[in-house]
Amino acid sequence: MLSCKDLVAHSSDYIDGQLGVRQRWSMRMHLAMCVNCRRFIKQMRLSQAVLRQLPRGQHAELDEIADKLAELRRQQR
Ligand SMILES: [Zn+2]
């Protein structure tokens, strides 16, 4: 069984669909049981969606966006 640490370590590959069938399956099993990791993956997906919408050449503002996301996250609790 995957630990939460393992899941976090592979989370970006999981979201990008870079994992093999077995790894994907392990991730899904873990996510089915672990609400914290479900929340984490959801947040990751949201962050990536936001980043993808940014125009090119504005990566200096990434820190600002990360702050905003963190703030959003706090409000959701
Ligand atoms: Zn977990």
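The values are calculated or read from the model by the stated rules, or taken from the named source; none is laboratory data. Note that the structure is a prediction, hence the values are computed from the model and not measured. Cβ: placed from backbone, ideal geometry, glycine included. Neighbour counts: every protein chain shown.
Results, tabulated for the structure shown:
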{"quantity": "Residues located in region 16-40, provided they are touching a helix residue (DSSP H, G or I) at 6+ places or on another chain (Cβ under 6 Å) and within 15 Å of the ligand (Cβ to nearest atom)", "calculated": "MET27, HIS30, LEU31, CYS37, ARG38"}
{"quantity": "Residue among ARG28, ARG45 that is closer than 25 Å to GLN76 by Cβ, modelled with pLDDT under 95 and among the charged types (D, E, K, R)", "calculated": "ARG45"}
{"quantity": "Residue under evaluation MET1, criteria (1) within 16 Å of the ligand (Cβ to nearest atom); (2) at pLDDT 95 or above; (3) exposed (fewer than 11 other Cβ atoms within 10 Å of the Cβ), criterion not met", "calculated": "(2)"}
{"quantity": "Criterion violated by VAL50 - all others in (1) away from the ligand (no atom under 15 Å from the Cβ); (2) surrounded by fewer than 12 Cβ atoms within 10 Å (Cβ to Cβ); (3) at pLDDT below 95; (4) of a type outside the set (Asp, Glu) satisfied", "calculated": "(2)"}
{"quantity": "Where a residue in region 6-29 is among the basic types (Lys, Arg) and its partner, wherever it lies, is surrounded by 15 or more Cβ atoms within 10 Å (Cβ to Cβ), with Cβ under 8 Å and at least six apart", "calculated": "ARG24/TYR14"}
